[in-house]
Amino acid sequence: MAGNRKRSGTSDLERTSRTPSEVHVHRAEDYASLGPLMSAALGGLSLAGKRVLLKVNLMKGQAPAKATNTHPEFVAAAVRAVKELGGHPLVGDSSGALGLTRAGFVASGIAEAVERSGGRWLSFDAAELVKFIVGGLIGETFIPKEVLDCEVRITLPKLKTHTLFGLSGAVKNQLGLLPGALKPELHARLGGRVDLLAQAIVELNLAVPFQLAIVDGILALEGGGSSSGQPCQRGLVAWASDLVALDAALCELAGLDPQSVPTNPAGEKLGLGTMSYRLVGEKVSPAPLRKPGFDLKRFPPLGRLAYRLRAEALSLRWDAKLCTHCGKCTTVCPTSAVERSGSTLSICPEKCTLCYSCVENCEPAAISLRPRWYARSAYRKRAAGTLVEQGEDR
């Protein structure tokens, strides 16, 4: 039964429903000395000469102190550790702030931290996208080719509560593999049902497997998502090769029922991992996170409507005066939705997959995103935050 725990002779917590997976938990009061922990976390992987994906959690372009994203110094430590083991690190994500991934990498400080550490970062919205069959509830979708080309994949989620899932952990972080508006479009297509979205995320994890998850729980987010949540000091770093076990352990350490986070039972049922775990490392006492309030989007009809509106909140705009006719937009579009006729460009809505690759690859910004009337206020707020916070104290 979820929630049943047994204290072993070495004071490790153990879930006894199945053979437990090891979950490593260590104290880390700040981001200044993460090197030894990162080296320990990666110690079991063979990285020499391999391309290594570090999938961060980039929700929006906010300053690190707000705990919305994986902390830049956490990412930098992971990049350095991969390089020390002979790997070639690539840091990437597609932001939850639609159309603002590239700007989000810069505003959050992650881009600078990666470059300073000798790594490379990639907006999945600007990547070369390839058609990929996940199967199950997702079916066919588009995934960045460089994600699939990486021989080792490591996810670096942020420890934070979530208004729909309860906890945004290691498994859910892979939803960011889907570029642009494919994320809310999937939720809308699944009827706004959180249980089906959880299953789809698990299926995505199975189709694009990750070998390790390392959680940034030094500064966590409690009480909601990127808008309503508040940063709180938790001072822990956790990792595991079993992402489901890691999320289950994080739930209990955060005062949540592991069964209440839908990716946990879905992950165990579909064979991604087990909710049975054994904590190793340092003894860390549970420190409950403040739970988010009730989200009306948990009701499927409202969730479906909200995410359909979000998926379609931005329309593509072409500015003929800025266009240099370089043709890159037609090259990068995975569905050939960008069409040229002489000196005129048009985007076929029936073909457009809402990945925003044409936007992020247009250097003169001739293709841009315009929020529809109902999304103008929310989009301006997110865009302003992304731009303004580049000057904030990090």
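What follows is calculated from the coordinates using simple rules that are stated; it is not laboratory data. In this text the structure is predicted, and so the values were computed from the model without any measurement. All Cβ positions, glycine included, derive from the backbone under ideal geometry; neighbour counts span all protein chains shown.
Summary table below
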quantity	calculated
Total formal charge among the other residues, if their Cβ is under 9 angstrom from that of L289, Lys/Arg +1 and Asp/Glu -1	+3
For H162, distant residues with modelled amide H under 5 Å away	L167, S168
Distance histogram in 10 Å bins (all Cα pairs of the stretch 179-258, percent per bin)	15, 36, 42, 7
Candidate aspartates and glutamates for bridging to K283, where Cα separation is under 16 Å - those fewer than 8 sequence places away on the same chain excluded	D12, E14, E22, E29, E252
222 nm mean residue ellipticity, helices alone, for the chain (DSSP H n ≥ 4; -39,500 (n - 2.57); rounded to 500)	-8000 deg cm²/dmol
Gaussian network model of the chain, springs between alpha carbon atoms under 10 Å - residue of F132, F210, F294 with greatest fluctuation	F294
Positive dipole terminus of the stretch 6-303, leading residue within C150, A238, L34 (C-beta point charges)	A238
Separation of alpha-carbon centers, the stretch 180-259 and the stretch 93-107, rounded to whole Å	19
Dimensionless Rg ratio for the chain, taking C-alpha atoms and the 2.2 N^0.38 Å reference	0.96
Charge dipole magnitude, Cβ of K and R +1, D and E -1 - the chain, Cα centre, debye nearest 20	860
√(5λ) per eigenvalue of the Cα gyration tensor, the stretch 276-345, largest first, Å	47, 22, 12
All lysines inside 22 Å of K183 as judged from Cα atoms, apart from same-chain residues fewer than 8 positions distant	K55, K60, K131, K145, K158, K160, K172, K297, K351, K381
Rg(Cα) / (2.2 N^0.38 Å) computed for the stretch 251-394, rounded to two decimals	1.53
Phi to ³J(HN,Hα) by Karplus 6.51 cos²θ - 1.76 cosθ + 1.60 over the stretch 333-341, Hz, x for Gly, Pro	5, x, 10, 6, 7, 8, 10, 10, 9
Neighbourhood charge, 13 Å Cβ-Cβ cut-off, centred on G86 and excluding it, Lys, Arg +1 and Asp, Glu -1	+2
The stretch 314-371: Cα Rg divided by the 2.2 N^0.38 Å rule of thumb	0.98
Amide proton proximity set for V91, modelled H, under 5 Å, gap of 5+	L54, R120, W121, L122
Quarter of Cα convex hull surface for the stretch 128-252, i.e. mean projection, nm²	7.7
Karplus (6.51, -1.76, 1.60) ³J(HN,Hα), θ = phi - 60°, over the stretch 367-377, in Hz, Gly and Pro reported as x	9, 9, 9, 10, x, 5, 4, 7, 10, 4, 5
Acute angle (nearest 10 degrees) that the helix 300-311 long axis makes with the longest principal axis of the chain, alpha-carbon atoms	50
Footprinting exposure proxy for T274, T263, T335 (fewest neighbouring C-beta atoms within 10 Å first)	T335, T274, T263
Cut-off 10 Å between beta-carbons: net charge of the residues surrounding V52, Lys and Arg +1, Asp and Glu -1	+3
Fewest-first ranking of V75, V147, using other Cβ atoms within 10 Å as the exposure measure	V147, V75
J(HN,Hα) series, the stretch 164-181, from Karplus relation 6.51 cos²θ - 1.76 cosθ + 1.60, nearest Hz, glycine and proline x	9, 9, x, 9, 9, x, 5, 6, 5, 4, 6, 4, x, 5, 7, x, x, 8
